[in-house]
Amino acid sequence: MRIGIEAQRIFRPNKHGMEIVILEIIKQIQQIDIENEYFIYVRKDKDVCLKSTRNFTIREIEGQSFAWWEQISLPKAAKKDKCQILHCTSNTAPLFTNIPIILTLHDIIYLEKTYFAIASGKGSFYQRYGNLYRKFIVPRIINKCKKIVTVSYSEKKIIENHFKHNNLNLEVIYNAVDKRFEHKENVGELLKQLNIVKPFVLFHGNTDPKKNTETVIKAISLFKQKYFFDIEFVITDLKIEYLQKLAKEINSTEILTQINPIGYISTKKMPLLYSSCKLFLYPSLRESFGLPILEAMSCGAPVITSNTYCMPEIAGGAAFLTNPKDPEQLANAIAEILKNNSLRNELIEKGNKNILRFSWEKAAIETLRIYNNILANYLNNA
């Protein structure tokens, strides 16, 4: 059978959640399926992280914009390759194609009025454009899909409640963690390169409002006023100009001396950072899975995360949960873990057990089962 998989952005150097998820699933399917024929549709970019094999063909296809690539170039290429199903992996899919579609719907945050209201005037242009595009496409594609896959039971419930009058064929396949995410000992060289000289708390910054960077900056300010630990806060993937703007907004520019913005860190280097941090902050306002929770746990870092949406489900009782809208509670949680070694070690031990629930091999096997079921129905109805 001929299976198309949309993986538009997996070749871009700065990969984020959705690209990592489908890349890992494809790599696992390559190892376990030698019968079906696969066509992986990507946009040309610098990080050629996947190569063609006997039954896997990498197709680099052109498209002026994300929307043009997905709505015009992708279905045209899949039709040319005579695909019998098309798995679209990034929340949206072509509106006009006769090929049966499987859609991975990671989340529907952009359809939620409360979130969209705060996000509409914030975040980068790319993020706002993406939200508008998804807001238009998802309600129009949802009933055309043969199967919808989402990544947590929390998100499944949200999708079902939102589309309560639709007959959705929806199921959950958990994400997992790359095997590279394990505790590392030889971290000195990287810390030296990044000018990290003190014990540190790690946070992945982002301009997307759901990542809650503003609350983290407020919590750091409160922490520095209330507690006296010799520690710095290392923030990835965020420009200093944005941090300066946030610090100025809360009249706390002096905290910038306690923050080390180190820019984007590759997947290859990230395990070293997780392994060497005192704790990892992930107080997101809204997620569908929260992969960094498991990444940090896999590397032996204690985690503080939110007590809402999917975070408790994924953390599995192995993280310190806080109200993501309360910077003082977050500041106090940071202090509690830093001063309480018994609690810190307990969280690390629980984290080691929690990650055993998740496996990319299992995710790939469940994805392959969906492919085979839909292909069987396709043949029966042919």
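The values are calculated or read from the model by the stated rules, or taken from the named source; none is laboratory data. Please read these numbers as outputs of a predicted model, since none were measured by experiment. Neighbour counts run over all protein chains shown; Cβ positions are idealised from the backbone, glycine included.
Could you tell me whether residue 369 is in the same structural domain as residue 29 (by TED's automatic domain parsing) and surrounded by fewer than 21 Cβ atoms within 10 Å (Cβ to Cβ)?
On the way: in the same structural domain as residue 29 (by TED's automatic domain parsing): yes; surrounded by fewer than 21 Cβ atoms within 10 Å (Cβ to Cβ): yes.
Answer is yes for this residue.
Let me spell it out: the conditions are (1) modelled with pLDDT under 95; (2) within 18 Å of the chain's Cα centre (by Cα), and residue 103 meets all of them except one. Which number is the exception?
(1)
What are the residues in segment 129-152 that are touching a residue at least 40 places away in the same chain (Cβ under 8 Å), more than 17 Å from residue 18 (Cα to Cα) and touching a helix residue (DSSP H, G or I) at 6+ places or on another chain (Cβ under 6 Å), if any?
Of everything in segment 129-152, those that are touching a residue at least 40 places away in the same chain (Cβ under 8 Å), more than 17 Å from residue 18 (Cα to Cα) and touching a helix residue (DSSP H, G or I) at 6+ places or on another chain (Cβ under 6 Å) turn out to be 146, 147.
Just for helices (runs of 4 or more DSSP H) wholly inside segment 263-382: which have at least 3 residues that are under 30 Å from residue 4 (Cβ atoms) and more than 15 Å from the chain's Cα centre (by Cα)? Reasoning before the result, please.
Numbers: elements: 270-276, 291-298, 311-315, 327-339, 341-354, 360-381.
Where helices (runs of 4 or more DSSP H) fall fully within segment 263-382 and carry at least 3 residues being under 30 Å from residue 4 (Cβ atoms) and more than 15 Å from the chain's Cα centre (by Cα), they are 360-381.
Give me the residue from segment 183-208 that is hydrophobic (A, V, I, L, M, F, W, C) and in a helix (DSSP H, G or I) and, out of that set, surrounded by the most Cβ atoms within 10 Å (Cβ to Cβ). Walk me through how you get there before you give the answer.
To start, the set of residues in segment 183-208 that are hydrophobic (A, V, I, L, M, F, W, C) comprises 187, 190-191, 194, 196-197, 200-203.
So of that shortlist, the ones also in a helix (DSSP H, G or I) come out as 190-191.
Values: 190: 19, 191: 16.
Step by step, filter segment 183-208, then rank; the result is 190.
So the check is Cβ under 8 Å with 6+ separation or different chains; which pairs have a first residue in segment 219-240 that's loosely packed, with under 14 Cβ neighbours inside 10 Å and a second one that's in a loop (DSSP other than H, G, I, E, B)?
Once the first residue is loosely packed, with under 14 Cβ neighbours inside 10 Å and sits in segment 219-240, its partners that are in a loop (DSSP other than H, G, I, E, B) give 230/198; 230/199.
Of everything in segment 220-264 that's touching a Lys or Arg at 6+ places or on another chain (Cβ under 9 Å) and of a type in the set (Ser, Thr, Tyr), which residue is modelled with the lowest pLDDT?
Here the answer is 252.
Go through segment 65-100 and report how many residues are touching an Asp or Glu at 6+ places or on another chain (Cβ under 8 Å) and either more than 20 Å from residue 378 (Cβ to Cβ) or not aliphatic (A, V, I, L, M) (or both). First the steps, then the outcome.
As a first pass, look at segment 65-100 and keep what is touching an Asp or Glu at 6+ places or on another chain (Cβ under 8 Å): 69-70, 73-74, 86-94.
Filter again for either more than 20 Å from residue 378 (Cβ to Cβ) or not aliphatic (A, V, I, L, M) (or both), leaving 69-70, 73, 87-92, 94.
Residues that pass the stated criteria total 10.
Considering only segment 188-209, I want to know if a residue exists there that is modelled with pLDDT of 90 or more, among the aliphatic types (A, V, I, L, M), outside the structural domain of residue 145 (by TED's automatic domain parsing) and within 22 Å of residue 336 (Cβ to Cβ).
Looking through segment 188-209, at least one residue is modelled with pLDDT of 90 or more, among the aliphatic types (A, V, I, L, M), outside the structural domain of residue 145 (by TED's automatic domain parsing) and within 22 Å of residue 336 (Cβ to Cβ).
Taking residue 285, is it within 23 Å of residue 208 (Cα to Cα), assigned by TED's automatic domain parsing to the domain that holds residue 205 and in contact with a Lys or Arg (Cβ under 9 Å, 6 or more places away or on another chain)?
yes
Identify, please: which residue in segment 335-345 is within 13 Å of residue 228 (Cβ to Cβ) and not charged (D, E, K, R) and is, among those, surrounded by the most Cβ atoms within 10 Å (Cβ to Cβ)? I'd like the intermediate steps shown before the answer.
First, the residues of segment 335-345 that are within 13 Å of residue 228 (Cβ to Cβ): 335, 338-339.
Restricting the remaining residues to those that are not charged (D, E, K, R) gives 335, 338.
On the way: 335: 17, 338: 19.
That would be 338.
Regarding residue 187, is this residue of a type outside the set (Phe, Trp, Tyr) and farther than 14 Å from residue 109 by Cβ?
Values: of a type outside the set (Phe, Trp, Tyr): yes; farther than 14 Å from residue 109 by Cβ: yes.
Answer is yes for this residue.
Does any residue of segment 312-327 turn out to be modelled with pLDDT of 95 or more, in contact with a Phe, Trp or Tyr (Cβ under 7 Å, 6 or more places away or on another chain) and of a type in the set (Val, Ile, Thr)?
yes
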